[in-house]
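Every number in this text was worked out from the coordinates using simple rules, so none of it is lab data. Just so it is clear, the model here is predicted, and its values are computed rather than measured. Note that each Cβ is placed from the backbone with ideal geometry, even for glycine, and that neighbours are counted across all protein chains shown.
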Amino acid sequence: MQQKISELLDSAKLQIESAKDEASIEQLRVAYLGKKGEITAILKSMKDLAPEERKALGAKANEARATIENLISSAKDTAKEAAKSIRFAAEKIDVTEPAKAISLGKKHMITQTIEEISEIFASMGYSVTEGPEVETVFHNFDALNAAPNHPSRDLTDTFYITEDTLLRTQTSPVQVRTLQSTKPPIKVISPGRCFRADSPDATHSPMFHQVEGLLVDEGVTMADLKGTLDYFAKKMFGADVVTKFRPHFFPFTEPSAEMDMSCFKCGGKGCRVCKGSGWIEILGCGMVHPNVLEVGGIDTEKYTGFAFGMGVERIAMLKHGIEDIRLFYENDLRFVNQF
Amino acid sequence: MLVPVSWLSQYVDIDIAPTELAERMILSGSNIETVETFGEGISGVVIGKITSITKHGDSDHLLICQVEVGAAAAAIGFENPIQIVTGAQNVFEGAIVPVALHGAKLSDGLKIKKGKLRGEVSNGMLCSAAELGFDDKVIPFVSKDGIWILNEDEFADKIGQDALDALELRDTIIDFEITPNRPDCLSIIGMARETAATLGKEISYPEVSLKEESTAGQTDDILKIDINKPELCRRYVGRIASDITIAQSPWWLQRRLMLTGMRPINNIVDITNYVLLELGHPIHAFDIRQIADQHIIVDTAAKDEHFTTLDSQDRILDEDVLLIKDSQKGVAIAGVMGGENSEVLDDTQTIIVEAANFNEDSIRKTSKKLGIRTEASARYEKGVDANLCAYANDRVCALIEEIGAGKVLSGRVDHYPTRVIAPEIIARVARVNAVLGTQIPASEMVTILESLEIEATLSENKQEILAIPQTFRGDLKEEVDIIEEVGRIYGYENLGMTLHKDHVTVSVSKSWQVRGTLRNLLTDLGLSESTTYSFVSPSTVDRVRIPADDIRRSMVRLINPLGEENSVMRTVLLPNTLEVLERNYKRGIAEAHFFEIGNTFIDLHDKLPKEEQHLSLGLYGGDIDFFGLKGIVLQVLTALGVDDVAFVQVTDDSTYHPGRCAKLVLGDTVIGTIGELHPDVAESYGISGSGVRVYAGELSVDILTQLSDTFHMYQPLPKYPSTSRDISLLVDEDVSVADVESIIKANGGQILEDVALFDIYRGTQIGEGKKSMSFSLTYRSSEGTLTDEDVAKVHENILKIIEEKTGATLREI
């Protein structure tokens, strides 16, 4: 019996060593240790032996079983690792092959720019408000202090629907609507479409977008206007940008200014983007004219305010080097997908 | 407004370089378009005299000129005269002309070298004014299409000198952008005032002292003036000059006109233009021979009155047009253009010089109506200072005397019914500083205002400034105007940069948020955003076949569109989106998935149209089909928290495929329509062939915004297990998934948790006109684990009702 156990152990060792894969190892496990396995059979046959013999042999048989179990378990691990290596070798890919196409759409460049501008002003506490695109002459011109004979009122400049209604030429009428509907403090921006009777060419479009801004509160100064817009320019175009405020004329603000910015491309040395001047005109702004505040019934002694307006297309064109405004409205995917 | 720095310097001492001047002017409010150095790059051009001309033997049009260039010849190793071949025909023996010598450079970069022209030696080039940098439109007619012929009297003694030096053309020209509120700056004097204030210098006005040497009598004995329309003519000043000799103007005068963009004509016309540029006051000169009774009457024209202006155009006037007449006829359209019948001619001997002030609106209307825009009308329509008339008139007459063009009669006729006076403006020192955010002392404010020729007096308590501007500053009316003047001369660059402290909270409208969600989601789903014009062609609604009585045909029409194709406001976005698809398709782009969010405009005959935000979808290519589109729309609805929307089959929307169109309905509300575009519509947009199909839709963003509710209450997680039953039904084709689903949902009681279609099968095995639909029904109770009997009770009942209502037969799975 002892002899047989030794022989079994030896043959098991040999067979396990030469087994190649997990399945054949499992077959060996069944053959030796399974319900009908040889070691199992020996253990079963021991019940007929004398107690002292059974004890000695039993220990031997159990030892053999444990040895075989261990051998099988480690052989299985080895076989598993070997199988993985083979699989990994077979499954190796060239990671430089092209990626699978996952199509994401693009927001329109105008939307992207408006969102960028809006987020900067939102971070300064400006809310977004909007107004109609078909406006009254009152909101678009009269209430904004535009002289009755101001040339921008002409049919050659402005699209009219009737004598009293038109396509807004600027987002500034939203200022008027806001002043009429809200009590100070007022702190809003208003992005939107505007229309002017310009035939389309590389730099003109009969439809374009503006972002208007308005702050009305006690103690608002022109220095606040400068600080706010300087902050905006640095956020939008980079911290190195320097701003310059030039006196200008707008009917609805006084004092009025245009803000120029040192060219973000050349840093002010002069290049194609800034047409050699080192400066780029970015927006118009000023202190809200008392006549405009009065339209909203606002006490002009108590409150002052500033307003500004910028062309979205212009900013997008400058920032991204787009040379033809018409590209925005063509919506050619080869253009759209660039941004 | 072109301003030569040399001319400006006549009135203000400019002791800084032109580029620095430009910088400082920009900062004080005079924006600059360009700064140009005249004659930059030109060298080697001298004054020469043509001593003889012979014909070129080998050419019909070439002339061989012998040109005397004085000492300049030896300087480059030549001998006088220098032979130059020219093709210009306006040269003559004795002509004094600019000569580009061998080695010269011209403004366009051209380099001149000696050479031969058809065998004849040519050692240089005779120059045109254009070659020295002048625009064609300012070159005197005599030199316009040929060599620049210089005035012999003035240049005969300058032979051999550098031409730019001799012509005093080394100058800097600044082009100022003049804003509409500052018509006073449409003049050299106006810009001189701004320069003086900017640099803190004094301005010296041209001194006018008249000799009045004419012996032809007293002006007021001869000239009669009547203003019949005082509301349209504030003032009319007339003088008379006799002994006129029409001739070329002296070069200094011509030069200033040419550098400021005007063509010299003759001495009298040039002087009127000179004063227009110098003082900004339009001047007109009449030949007195043509003024009947020497009587000027300012009146309106008659209806349909014909009048020939000095450009020989016949104009038809009406009773709104202010007309300068004599006792018999019209002689000039006031403030706009003179008449051919009374213009200054070569034999003119006596002239009436008019300096008048007309109503801005009247001039603007006339100018627009007649389509004539002149230097005069451009200034009058913006406003000219009525108190300037007499000075401007005297200035013209003084120049006539100065250049010897004629003699001036003594006295003037001046009709000025109501004198224009400047407003008295109170500016509070504290207010000025409060608006600007400054602490400028009152005394500095006074100094600033005085530098702008505003009379400024500080009150005794030093808190207010009484400011009285000159009448040429019509833009200064109230305190805020004074604040701006103080601010801009003090310098915006000297104001602080602060952020206003406030306690405002940020809010964003729901509509803005919804649009943001839509844009984020749709781009994530592979659609790109288009932006198109809000105005479209009226035919767009025909192209997408919107029915005749549809509200979307109630379009808002522009009075003055750029063209028919942009003449109405869109009532629907889809046609624009289809045009975007069309453009991409025609450009060979295989797949295009677009959306657009924008306003539509419906004319409801209120003052303003109804503006509604829409979302349009348009897709072709890729593997898009109806259910792909539906999937996109479902994502939209889910993202916005708009639940329980039904997709109702639509067969009669002519925009779409009659079998592949659905409207989105929630209760009584129609949110929009989606579907496969009708092949005829697709074809009309040129998107057809090779099996391409277009999927499209349009939803109301306003309605989605109203319905959107993304808030969710917590639902406890299920405690007990669910159990599911799959069923397969054989039904007729016209039984829809929604029909069966709604029966299942209606009869599922408390325990039906979910129902989902997982397969549809059509095929010969089940017969024509039939389909097999397989659903999975999930049951669960919150009370306890369901038994087979619990489920069977509900499930069997559902099957029975489906069979009854749809005629379905149950298939084995």
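Between their Cα atoms, which of A:Lys235/A:Lys319; A:Lys234/A:Lys269; B:Lys610/B:Lys630; A:Lys183/A:Lys235; A:Lys183/B:Lys607; A:Lys4/A:Lys76 are more than 22 Å away from each other?
Violating the 22 Å Cα-Cα cut-off are B:Lys610/B:Lys630; A:Lys183/A:Lys235; A:Lys183/B:Lys607; A:Lys4/A:Lys76.
Work from the charge dipole of the protein assembly as shown (Cβ charges, +1 for Lys and Arg, -1 for Asp and Glu, about the Cα centre) and give the residue of B:Pro206, B:Pro441, A:Ile68 farthest towards its positive end.
Result: A:Ile68, furthest along the dipole toward the positive end.
No other cysteine beta carbon under 4.7 Å away is the test; run it over chain A and list who passes.
A:Cys194, A:Cys285
Based only on Cα atoms, what Rg/Rh ratio does chain B have, Rh being taken as Kirkwood's radius?
1.19
For the Cα atoms of chain B, what angle does the longest principal axis make with the long axis of helix B:188-199, in degrees from 0 to 90, nearest 10?
Tilt of helix B:188-199: around 80 degrees.
If you put +1 on each Lys and Arg Cβ and -1 on each Asp and Glu Cβ, how big is the dipole of the protein assembly as shown around its Cα centre, in Debye rounded to 20?
4160
Take the alpha carbon atoms of segment B:193-222, find their center, do the same for segment A:175-254, and report the distance between the two centers in whole angstrom.
Cα centres, segment B:193-222 to segment A:175-254: 44 Å.
Calculate log10 I(q)/I(0) of the protein assembly as shown for q = 0.05 Å⁻¹, where I(q) comes from the Debye formula with a single equal point scatterer on each Cα and nothing for solvent.
Debye curve over Cα of the protein assembly as shown, log10 I(q)/I(0) at q = 0.05 Å⁻¹: -0.56.
Kindly provide the helix-only [θ] at 222 nm of the protein assembly as shown, computed as the sum of -39,500 (n - 2.57) over DSSP H runs of four or more divided by all residues, to the nearest 500 deg cm²/dmol? If you can, show how the numbers build up before the last one.
Numbers: 35 runs with 359 residues, N = 1152.
Value at 222 nm, helices only: -9000 deg cm²/dmol.
In chain B, with Lys and Arg counted as +1 and Asp and Glu as -1 at Cβ, which of these residues, B:Ala241, B:Ser143, B:Thr54, has the Cα nearest the positive end of the dipole, that is, farthest along it?
B:Thr54
Calculate the dipole size of chain B relative to its Cα centre from +1 charges on Lys and Arg beta carbons and -1 charges on Asp and Glu beta carbons; express the result in debye to the nearest 20. Write down the numbers at each step before the final one.
Numbers: 77 positive and 127 negative charges, 172 e Å.
So the magnitude is around 820 debye.
Mean 1/r over all different Cα pairs, inverted: what Kirkwood radius does segment A:2-90 give, in Å?
14.0
Once R0 is set to 60 Å, what does the formula 1/(1 + (r/R0)^6) return for the Cβ-Cβ distance between B:Asp293 and B:Leu562, expressed as a FRET efficiency to the nearest 0.05?
Calculated value: 0.75.
Which of the listed residues, A:Ser118, A:Gln338, A:Ile25, is farthest toward the dipole's positive end in chain A, when Lys, Arg count +1 and Asp, Glu count -1 at the beta-carbon?
Toward the positive end, the furthest listed residue is A:Ile25.
Explain nothing, just compute: Karplus ³J(HN,Hα) = 6.51 cos²θ - 1.76 cosθ + 1.60, θ = phi - 60°, for every residue of segment B:801-811 in order, whole Hz, x for Gly and Pro.
With coefficients 6.51, -1.76 and 1.60, one gets 5, 4, 4, 4, 7, 10, x, 6, 10, 6, 9 Hz.
Output ³J(HN,Hα) for segment B:496-503: one whole-Hz value per residue in order, computed from phi by the Karplus curve 6.51 cos²θ - 1.76 cosθ + 1.60 with θ = phi - 60°, and x for Gly and Pro.
x, 10, 10, 10, 5, 8, 8, 10
So for segment A:109-336, averaging the separation of alpha carbon pairs under 8 Å that are six or more residues apart and normalising by length, what relative contact order in percent results? Don't skip to the end; give the middle numbers.
Details: 444 pairs, mean separation 49.7, N = 228.
Relative CO of segment A:109-336 lands at 22 percent.
For chain A, with only Lys/Arg (+1) and Asp/Glu (-1) charged at the beta-carbon, what is the dipole magnitude about the Cα centre, in debye rounded to 20?
Roughly 1900 debye, rounded to the nearest 20.
Take the alpha carbon gyration tensor of segment B:399-495, find the square roots of its eigenvalues, order them as a ≥ b ≥ c, and report rounded if a/c is under 1.5; if not, report prolate when a/b exceeds b/c, else oblate.
Working: a/c = 3.33, a/b = 2.26, b/c = 1.48.
Because a/c hits 1.5 or more and a/b exceeds b/c, segment B:399-495 counts as prolate.
For segment B:687-810, what class follows from the C-alpha gyration tensor (a ≥ b ≥ c being the square roots of its eigenvalues): rounded when a/c is under 1.5, otherwise prolate if a/b is larger than b/c, else oblate?
Oblate, because a/c is 1.5 or more while a/b does not exceed b/c.
State the dimensionless ratio Rg/Rh of segment A:109-336 (Rg: radius of gyration of Cα atoms; Rh: Kirkwood radius).
Values: Rg = 17.3 Å, Rh = 18.1 Å.
My calculation of the ratio gives 0.96.
Starting at 0 and stepping by 10 Å, how many percent of the alpha carbon pairs of segment B:582-638 end up in each bin?
Taking all Cα pairs of segment B:582-638, the binned fractions are 18, 35, 28, 16, 3 percent.
Let a ≥ b ≥ c be the square roots of the eigenvalues of the Cα gyration tensor of segment B:43-166; is it rounded (a/c under 1.5), or, if not, prolate (a/b larger than b/c) or oblate? Don't jump to the answer; show the numbers that get you there.
Numbers: a/c = 1.28, a/b = 1.10, b/c = 1.16.
It comes out rounded by the Cα gyration axes.
Could you name the lysines whose alpha carbon sits less than 29 Å from that of B:Lys329, not counting residues in the same chain fewer than 8 places away?
B:Lys224, B:Lys229, B:Lys303, B:Lys365, B:Lys368, B:Lys369, B:Lys382, B:Lys407
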